[in-house]
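Peer 1: I'd like to ask you about the structure that follows.
The values are calculated or read from the model by the stated rules, or taken from the named source; none is laboratory data. For clarity, every value in this text was computed on a predicted model and none was experimentally measured. All Cβ positions, glycine included, derive from the backbone under ideal geometry; neighbour counts span all protein chains shown.
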Amino acid sequence: MSFLELLAIIVSGTLYTATPLIFTALGGVFSERSGVVNIALEGLMLFGAFIGIVTTLLMGDTWGMAAPWVSLIVAAIASGLFALLHGVASITLKADQTVSGVAINFLALGLTVFAIKKIFGKGQTDFIQFRIEKVDVPILSDIPIIGRIFFSDVPYTSYIAIILAFVVWYMIYKTPFGLRLRAVGEHPMAADTMGINVYKMRYIAVCISGMFAGVGGAVFATSISGNFSGGTITGQGFLALAAMIFGKWHPIGALGAALFFGFAQSLAITGGTIPFLRGVPSVILTILPYVFTILALVGFVGRAEAPKALGVPYEKGKR
Amino acid sequence: MPKITLSPRMIGVLVPIVSAVFGLLVGAIVMMVSGYDPIAGYGALWEGMVGTPRAFGETLRTMIPLVLAGLSVAFAFRTGLFNIGVEGQLLVGWFASVWAGYALHLPSVLHIPLSILGAAIAGGIWGVIPGFLKGKFKVNEVIVTIMLNYVALYLTYDFIKRFLDAGNEKSYDIQETASLASTMLSNITGGSRLHWGIVVALIMAVLMWFLIDRTALGYELKAVGFNTHASQYAGMKVSRNIVLSMSIAGAFAGIGGAMEGLGTFQNMTAMSSFTGIGFDGIAVALLGGNNAFGILLAALLFGGLKSAAPQMNFTANVPSELINVIIAFIIFFVASSYVLRWLLSRLSKEGK
Amino acid sequence: GNANKEAGDTKKTSGFKVGMVTDVGGVDDKSFNQSAWEGLTEFGKKNSLKENEDYRYLQSTRDSEYEPNLTKFAEGNYNLTFGIGYLMQEAVEKVADQFPNNQFAIVDSVIDKKNVTSITFKENEGSFLVGVVAALTTKSNKVGFIGGTKSPLIQKFEYGFKAGVKAVNPNIEVVAEYAEAFDKPEKGSVLASAMYGQGVDVIYHASGATGNGVFTEAKNRAKKGTKVWVIGVDRDQHQEGMPENVTLTSMVKRVDVAVAEVAQEMKDGKLEGGKTLEFGLKEEGVGIAPTKDNVSQDAQAKVEEFTKKILNGEIKVPATEEEYKAYEAALKK
Amino acid sequence: MSYEYVIEMNGITKIFPGIVANDNITLQVKKGEIHALLGENGAGKSTLMNVLFGLYQPEEGEIRVKGKPVKITSPNVANDLGIGMVHQHFMLVHNFTVTENIILGNEPTKGGKINIADAALEIKKLSEQYGLAVDPYAKIEDISVGMQQRVEILKTLYRGAEILIFDEPTAVLTPQEIHELIAIMKRLVHEGKSIVLITHKLKEIMEVSNRCTIIRKGKGIGTVTIAETNEDKLAELMVGRQVSFKTEKSDAKPRQDVLSIRNLTVHDTRGLSAVKGLDLTVRAGEVMGIAGIEGNGQSELIEAITGLRKVESGSITLSGKEITNWPTRRITEEGVGHIPQDRHKHGLVLDFSIGDNMVLQTYYKLPFSKGGILNFNKVYEKAKMLIQQFDVRTPSEYTPARALSGGNQQKAIIAREVDRNPELLIAAQPTRGLDVGAIEFIHKKLIEQRDKGKAVLLISLELDEVINVSDRIAVIYEGQIVDIVDAKQTDEQELGLLMAGGKQREKVKEDA
Ligand SMILES: Nc1ncnc2c1ncn2[C@@H]1O[C@H](COP(=O)(O)OP(=O)(O)OP(=O)(O)O)[C@@H](O)[C@H]1O
Ligand SMILES: Nc1ncnc2c1ncn2[C@@H]1O[C@H](COP(=O)(O)OP(=O)(O)OP(=O)(O)O)[C@@H](O)[C@H]1O
Ligand SMILES: [Mg+2]
Ligand SMILES: [Mg+2]
């Protein structure tokens, strides 16, 4: 296998597996920047995957090829609403945010599979008839070398995710909304005295994070797994969380981290088929992303401050 | 209005109870909405929890690892740490216990304690890593433990295949001398898989209570957990304490793994996804108010729910996933007890 | 949906009750659990038994549930209880000891007890046949195998397949990879992408849900006009290949036939426990899928030819690495 | 329309769970005046102001702004009414720039994008108009406390505040900064603004304010015109009894050296040397005060002595024993007591009960624990005793430290440290943010230690406190002791000059 071919496979594998992580990690950035810990990403992703598949299955005949794409939007809305539960618990009811997140994860797993059994009378769905496919991007894929490596065998969602990362960056660092979001996550009382509604901001952030995670899950389901069961999302949500922290709570950082994870994963999987990796036990490659994350946290991210008010429920007039 | 006076202690007891009840109510509503008969459902559930001696035995057996997972989470929590890494610590503990149980040849009196110790050490080491990183580099332990869960998952899988492969995704069985299984316990519970681990679990619960609430070490660990600066000013070694409490938490979880390895299964399966006990542990610790006795009760409840789920499915055709929904809502209610506590404390205030 | 209509009502029934416990896959895993349930359902219908009463299944959500689930049937006085999959071996052994008066059966594993019937398959024989088809279909002379976990059982698939390929053309290269998971489609798809990427044009998967990823990848490539094939496993996976039609054929493992047969013979008292039934080509327990749309004429002919050779013992299909080494050496001469 | 008062708060009552923080309080502020608000810790000053600023909603009472009755339901409303607040604990986002902090909440935008440049320009103008000299692009975490406070002021001005509330603005400032602040406040009223000033420092009230309203235990005691009163009267009104300011004490009878520091060099967190070859000796039976502008190495010096910070070079000896770079615990056991400057952060475990806090350094020793096992009876006996001796106002020894007022938290800490009966007692900012009553008490305790023949090292930014309590005063400047003066011979001017690095001691003497 030529080196170019090999590179192309790894790159496309990277983008392919990284995409759901990117969406979800971006979601995480929103909620954690506003000071709300989001362990719930896993559950929100699962919920999104569920909505994505069910929508595509039920509407496939009517919408055809558009179905999976529409399902992403539906998933975004549904998961956004589902996330509000996390909001109510951790913002209004002052629950421990990590704990509430754990609860969301339980709930998502329970509800979705319960619903699947109710709707389809079985524990996992059929395969969707229309998927989000890997494509060769017109024109771009014809560019010599670059085209083969970066614009072939990749679903459009990957590019959307990457572009979105920059949009989010702009939102958070250049707009009033972003300034307020960060203020609420750093020093909510200060924001409050400046007339910013802390609760509202946090609700919005959590809702957005739900939408992104939902899309992440739906993308995973409609482009990778192709059907839904309780085991469809196993850990991708936590991996996205890691990516977000690895990326220092910064959209572009999260993007980079997610891509790195995707890279390590696809290396781990394809390792056996790659000549110079044959010798390496695949377990080494498999645990690589996790070990690197830890090392990264120690090395460069160690000092990267989390938002100061992260995990602290805000109470008016309490210090 | 009537004089109600509730001590914070009382409230602390009421909150979980009320939450559990609410959780079950939600479960009932979900059943009704989706066209199942709650009475039948809960009837079956109850049947599956305590209906027969065997059922009760299974409830107790399921409870064992939950107790240890809960203790692990709670211990860390009480010392200002969040141990979301129980899952990984439990897996390495499980593996270590099985390895020791298989490789060593000793009389039971030595073999069992040694295998459990092995598990404790393995889990402890898995806890030391995040502890050390937090103590030395201020790295967020939540994220490190999550990462280590996956490392543990894949490493144990690989190690089983590499060193203990008995085919069929299983490791070799442990020696008889290392087994916690008990025909006696099994017989009195109508042939359930209840094993001596239940005793271990009880001992560990007492140990945790004693460590945290009665010893100077516990005092120091709590102080560091609440306020590292003040502890440092008072001459305590902060990072040493963080490492210590994470490793103790890890040891509890590791022993939880040993309970599965030496008790329930007598071996370890090469798993490609988590057991879920770790996260159940968070729920248990929370419902148990991070206190040893509460954890025993919480574990009993969740153990019952989990082991009875198939029964509910069997006789009432209610999908067992309902249990996760119920547990989720119980967690919500406890975690959101802010409001509940506030209400209750208002009530008691009115009384005065 | 299956509401609780049957629950509670306790009408006396024919008397013969049979249950089965699935592993975590569940009865719609598009694999042997599903196949087994189809067999049991067919048996039930044939004997006009009531579902969920005379015959039913329990899905396990954790491996710690195998034993309790089996026990439930035993306690419910089910005459026969199937444990589906080798993962349930120990559980069946334990429960069989505790309920010596109940009959049990295990699929894909052998238990030597007089109240347990063991059902195994000669997957290597079926795999051999699809190997033949693969060999006669590949243009790149490069075919691939993706296994779930590297266990003796799955290796039967691998070596049978390799043997079949080599039987047709020893020069065809066979790449074999293991995803080390039956439930990771993303792994399947990246693995497949790597294989197809290096020129493989037919992949035989024996990896449960991980295989879904293989189909996804093949479809993606088909969409883009590069014709690649997948060979399904356990059941006729023609549907999974649609609409891009990438399923070349499937190695069917008739767990349904086996289960139905064992249940029937038990009911009719023709079979007492303790036997090990091995289902191979002869017993029509394994074979090549009915849907042959994509299998060329001469390939079908060759399959016929080899089937005979296997049935009359002319070819002994290897099931393990050693046997395969020997087989290959023999081919060389 | 015309009005007598810009602000009128009539019969305000604010109740917190279990406590009436404000009980029918009335406050009337004239236009263009500086109106002081005086009261003990926990009297209800901050609460009243938070009500005025819309952070809390009062149970009863009406508020009039410029004569018009208003409902101040949120800080937004307050801002719109021209009310701005400079909080006791700054409300600044540390990793934001000055500009970002100021525009937060009503950001000027261009095409959806924040228009930082324009905002910064406007802020620069404002800062010049009021002589605040703030750099709009500086990060908060990089600027001094004084500067941060100016940013707080700018925040209110940027929103066009007419009425400014200052909650204990001087508690955190150095003498120099205080002078500058006072100038700024005068400038503000001169520009037509009105100011409500909360402070515990009577001297400041006398210096700047026109009128003063006094609160005691949540109740309004009355309003006095400063011109017609004096410090003693104010103190009496506030506490409800006579208070003595000049802590009367006999002359010191110093004996052998207890602490002697030779040529000490210590680095700060950034690794720059903060203490540079410092020499200092504290003798038994004397209070050695350390005067200096914040950030001249005081904190590093203390941390070095107590083993919290590594000593780069030089030596520290405690009654003849070298303790340089010993671990904190050993130093503590060797006989060093430490009243840290940040009581909330370093002094107490706020979530522990007062009782548990009383044994923070001794829990592992007899009688509190035996063989690693705690004996709670002993712990709480001890706590009960200390709470009585030091008159710590707390419901019980089981009450969490968090629930106590700052003053009482401080008393608890002092009880703990003094009770260990250390050879050397280090007191850093022991009275910061406390009312005169508490201050008096604490000063007494320090003198008691001295008279028991202990060495006391007092570090404070309050010059009058240093002069009052100390026997000798060492002036620290840029990490060195530039001079040691006799407390009875010196005055604020002299210290001020020395602290500023001036070496004209002789000259001052001549003038005197
Ligand atoms: N948010 C709150 N919740 C409950 N009680 C409070 C709250 N804020 C203040 N209190 C109580 O109200 C009383 C008044 O507090 P406040 O902060 O107004 O005092 P203060 O006069 O500002 O004290 P200091 O002079 O120390 O600043 C205190 O006894 C305090 O315990
Ligand atoms: N939300 C609250 N709950 C309980 N007590 C409170 C609350 N807010 C303030 N207090 C208490 O009210 C008292 C007065 O408040 P304030 O913050 O002015 O304290 P303080 O004595 O001035 O301490 P410091 O000035 O060092 O913050 C303090 O003892 C504080 O602990
Ligand atoms: Mg105050
Ligand atoms: Mg104060």
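Peer 1: Is region C:296-311 home to any residue that is part of a helix (DSSP H, G or I), touching a residue at least 40 places away in the same chain (Cβ under 8 Å) and more than 21 Å from C:Asp236 (Cα to Cα)?
Peer 2: Yes, there is a match, as at least one residue in region C:296-311 is part of a helix (DSSP H, G or I), touching a residue at least 40 places away in the same chain (Cβ under 8 Å) and more than 21 Å from C:Asp236 (Cα to Cα).
Conditions (1) hydrophobic (A, V, I, L, M, F, W, C); (2) free of Cβ contacts under 8 Å to residues at least 40 places away in the same chain, marked per residue:
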{"residue": "D:Gly406", "(1), (2)": "no, no"}
{"residue": "D:Phe441", "(1), (2)": "yes, no"}
{"residue": "D:Glu448", "(1), (2)": "no, yes"}
{"residue": "D:Lys454", "(1), (2)": "no, no"}
{"residue": "D:Ser460", "(1), (2)": "no, no"}
{"residue": "D:Leu463", "(1), (2)": "yes, no"}
{"residue": "D:Val469", "(1), (2)": "yes, no"}
{"residue": "D:Lys488", "(1), (2)": "no, yes"}
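Peer 1: Please indicate, with yes or no, whether at least one residue in region D:60-77 is buried (at least 21 other Cβ atoms within 10 Å of the Cβ), within 16 Å of ligand 2 (Cβ to nearest atom) and either assigned by TED's automatic domain parsing to the domain that holds D:Thr199 or not aromatic (Phe, Trp, Tyr) (or both).
Peer 2: Checking region D:60-77: not a single residue is buried (at least 21 other Cβ atoms within 10 Å of the Cβ), within 16 Å of ligand 2 (Cβ to nearest atom) and either assigned by TED's automatic domain parsing to the domain that holds D:Thr199 or not aromatic (Phe, Trp, Tyr) (or both).
Peer 1: Name the residue that is surrounded by the most Cβ atoms within 10 Å (Cβ to Cβ), counting only residues in region D:421-435 that are over 17 Å from the mean Cα position of the chain (by Cα) and not in a strand (DSSP E or B).
Peer 2: D:Pro422
Peer 1: Select, from A:Leu7, A:Leu58, A:Leu84, A:Leu44, the only residue that is within 14 Å of chain B (Cβ to nearest Cβ), surrounded by fewer than 24 Cβ atoms within 10 Å (Cβ to Cβ) and out of contact with any Pro (no Cβ under 6 Å at 6 or more places or on another chain).
Peer 2: Unique residue meeting the criteria: A:Leu84.
Peer 1: In region B:190-219, how many residues are out of contact with any helix residue (DSSP H, G or I) (no Cβ under 6 Å at 6 or more places or on another chain) and not hydrophobic (A, V, I, L, M, F, W, C)?
Peer 2: Final tally of qualifying residues: 4.
Peer 1: Name the residues in region B:196-247 that are outside any helix (DSSP H, G or I) and farther than 26 Å from D:Ile354 by Cα, would you?
Peer 2: Across region B:196-247, the qualifying residue is only B:Trp196.
Peer 1: Ok, one more. For the structure I just gave you, tell me whether D:Ala383 is among the small types (Gly, Ala, Ser) and either over 28 Å from the mean Cα position of the chain (by Cα) or within 16 Å of ligand 2 (Cβ to nearest atom) (or both).
Peer 2: Judged against the criteria, D:Ala383 is not a match.
To keep it simple, each residue is scored yes or no on (1) touching a Leu at 6+ places or on another chain (Cβ under 7 Å); (2) within 16 Å of ligand 3 (Cβ to nearest atom).
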| site | (1), (2) |
| --- | --- |
| D:Ser46 | no, yes |
| D:Tyr56 | no, yes |
| D:Glu59 | no, no |
| D:Glu62 | no, no |
| D:Val65 | yes, no |
| D:His89 | no, yes |
| D:Val93 | no, no |
| D:Ile103 | no, no |
| D:Asn106 | no, no |
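Peer 1: Across region D:1-22, what is the number of residues that are surrounded by fewer than 19 Cβ atoms within 10 Å (Cβ to Cβ) and either of a type in the set (Val, Ile, Thr) or away from ligand 2 (no atom under 13 Å from the Cβ) (or both)?
Peer 2: Residues that pass the stated criteria total 11.
Peer 1: Another question about this same structure. Does D:Lys30 satisfy the condition of being in contact (Cβ under 8 Å) with a residue 40 or more places away in the chain and either away from ligand 3 (no atom under 16 Å from the Cβ) or not assigned by TED's automatic domain parsing to the domain that holds D:Val189 (or both)?
Peer 2: yes
Peer 1: If the requirement is being within 12 Å of chain A (Cβ to nearest Cβ) and more than 16 Å from ligand 1 (Cβ to nearest atom), which of these qualifies: D:Asn101, D:Asn50, D:Asn10?
Peer 2: D:Asn101
Peer 1: Additional query: Please go through region B:14-44 and pick out each residue that is closer than 22 Å to B:Ile295 by Cα and polar (S, T, N, Q).
Peer 2: B:Ser19
Peer 1: Just checking, how many residues over region D:129-150 are in contact (Cβ under 8 Å) with a residue 60 or more places away in the chain, under 22 Å from D:Gly105 (Cα atoms) and more than 16 Å from ligand 3 (Cβ to nearest atom)?
Peer 2: Result for region D:129-150: 0.
Peer 1: Of the conditions (1) surrounded by 19 or more Cβ atoms within 10 Å (Cβ to Cβ); (2) touching a helix residue (DSSP H, G or I) at 6+ places or on another chain (Cβ under 8 Å); (3) in a loop (DSSP other than H, G, I, E, B), D:Thr362 fails just one. Which one is it?
Peer 2: (2)
Peer 1: Any idea which of (1) within 14 Å of chain A (Cβ to nearest Cβ); (2) among the β-branched types (Val, Ile, Thr); (3) more than 16 Å from ligand 2 (Cβ to nearest atom) is the one D:Val86 doesn't satisfy?
Peer 2: That leaves (3) as the condition not met.
Peer 1: Would you check if D:Ile447 is away from ligand 3 (no atom under 16 Å from the Cβ) and either surrounded by 24 or more Cβ atoms within 10 Å (Cβ to Cβ) or under 14 Å from the mean Cα position of the chain (by Cα) (or both)?
Peer 2: no
Peer 1: Can you confirm whether B:Thr275 is part of a helix (DSSP H, G or I) and not aliphatic (A, V, I, L, M)?
Peer 2: no
Peer 1: Then there is this: Any residue in region C:209-219 that is within 26 Å of C:Thr120 (Cα to Cα) and either assigned to a strand (DSSP E or B) or away from chain A (no Cβ under 13 Å) (or both)?
Peer 2: no
Peer 1: Pairs needed: first member in region A:251-270, within 10 Å of chain C (Cβ to nearest Cβ); second member anywhere, among the basic types (Lys, Arg); C-beta distance under 7 Å; at least 6 residues apart or different chains.
Peer 2: Qualifying pairs under 7 Å: A:Ile269/C:Lys187.
Peer 1: Could you please let me know if A:Ile104 is away from chain B (no Cβ under 14 Å), touching a residue at least 24 places away in the same chain (Cβ under 8 Å), crowded, with 19+ Cβ neighbours inside 10 Å and among the hydrophobic types (A, V, I, L, M, F, W, C)?
Peer 2: no
Peer 1: Then there's this: Quick one: count up the residues across region B:293-352 that are at pLDDT below 85, among the charged types (D, E, K, R) and either assigned to a helix (DSSP H, G or I) or at positive phi (or both).
Peer 2: Qualifying residue count for the region: 4.
Peer 1: Go through region D:390-405 and count every residue that is in a loop (DSSP other than H, G, I, E, B) and within 16 Å of ligand 4 (Cβ to nearest atom).
Peer 2: So the answer is 3.
Peer 1: For region C:201-228, which residues satisfy the criterion of being farther than 16 Å from A:Glu133 by Cβ, buried (at least 24 other Cβ atoms within 10 Å of the Cβ) and not polar (S, T, N, Q)?
Peer 2: C:Val202, C:Ile203, C:Tyr204, C:His205, C:Ala206, C:Gly208, C:Ala209, C:Gly211
Peer 1: Could you say which residue among D:Leu374, D:Leu404, D:Leu348, D:Leu360 is within 16 Å of ligand 1 (Cβ to nearest atom), within 9 Å of chain B (Cβ to nearest Cβ) and not β-branched (Val, Ile, Thr)?
Peer 2: D:Leu348
Peer 1: Going through region D:142-194 one residue at a time, which ones are in a strand (DSSP E or B) and either within 16 Å of ligand 4 (Cβ to nearest atom) or touching a Ser or Thr at 6+ places or on another chain (Cβ under 8 Å) (or both)?
Peer 2: D:Ile163, D:Leu164, D:Ile165, D:Phe166, D:Asp167
Peer 1: Further question on the same structure: For region B:67-102, how many residues meet the condition of being within 13 Å of chain A (Cβ to nearest Cβ), of a type in the set (Phe, Trp, Tyr) and assigned to a helix (DSSP H, G or I)?
Peer 2: Residues flagged as within 13 Å of chain A (Cβ to nearest Cβ), of a type in the set (Phe, Trp, Tyr) and assigned to a helix (DSSP H, G or I) within region B:67-102 amount to 1.
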